[in-house]
Ligand code: CA
């Protein structure tokens with residue numbers, strides 16, 4: 001599958017130049033010119049983000065922090081005109097996968113993009129590519145549930161919620177943690193939003209949704225996943 005890349009850069013000449021070159025290399029490319037635009041564009045779940053730091057509405061590292069705060073391990077390469085060592089450390093400590101100082105050589109950036117994508121592909125942040133959920137299997141790459149030959153589609157947040165719970169079998173996860181880590185602070189869900197998504201997931205996952213065995217309610221606390 002073609003990897004998709006989000007280029008976050010406000011300087012149009014660099015933005016366009018990168019887009020052209022990356023498309024020529026066969027990537028699917030989206031662009032954003034500000035922190036706000038980047039946060040919106042992330043909804044399309046790019047495989048890699050090239051992130052400039054000096055943006056008109058803030059520091060690009062905010063985008064990185066937002067991703068990591070949600071437990072999102074999408075690959076990020078930080079670009080910056082500030083080539084100081086401290087700056088580099090800040091980017092890497094913030095969870096960047098790599099860092100390229102500006103002005104950069106296009107070839108170097110392309111090589112780093114390739115390397116980071118390869119690492120991400122070899123060791124998917126998702127861990128297991130599939131997770132057993134009762135009689136179904138959660139296909140993490142395809143973001144669907146499979147039961148025999150049947151494919152059950154999951155809404156985006158259904159998938160995120162199930163994945164978060166299924167990666168921690170047997171652990172009771174408090175609703176507040178689900179709000180923070182699955183929904184993130186840029187959206188405005190309530191605990192009812194979680195309950196609603198659990199109900200609709202149960203219809204897809206449980207043999208008897210009224211007597212759930214896999215998505216278990218822990219009274220007054222949250223939910224627990226039992227495989
Ligand atoms: Ca800039």
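Rule-based calculations on the coordinates, nothing more; no lab input. Bear in mind the structure is a predicted one, so any value in this text is a computation, not a measurement. Here Cβ is always computed from backbone atoms with ideal geometry, including for glycine, and neighbour counts include all displayed protein chains.
Some observations on this one:
- Overall form of the stretch 4-121 per C-alpha gyration tensor (a/c, 1.5; a/b vs b/c): rounded
- Estimated D of the chain in µm² per second, where Rh is the Kirkwood radius over Cα pairs and Stokes-Einstein applies at 20 °C, 1.002 mPa s: 113 µm²/s
- Extension gain (nm, one decimal) between residue 105 and residue 4, 0.36 nm per residue minus Cα-Cα: 34.3 nm
- Highest mean packing first, where packing is the average number of other Cβ atoms within 10 Å per residue, the peptides 59-70, 201-212 line up as 59-70, 201-212.
- Here the average projected area of the convex hull drawn through the C-alpha atoms of the stretch 130-225 stands at 5.8 nm².
- Label point distance in nm, residue 118-residue 21, each placed 7 Å from Cα along Cα→Cβ: 1.9 nm
- Take the Cβ atoms of residue 195 and residue 68, set R0 to 22 Å, and the FRET efficiency comes out at 0.25.
- For the chain, share of DSSP beta bridges that run antiparallel, in % to the nearest 5: 55 percent
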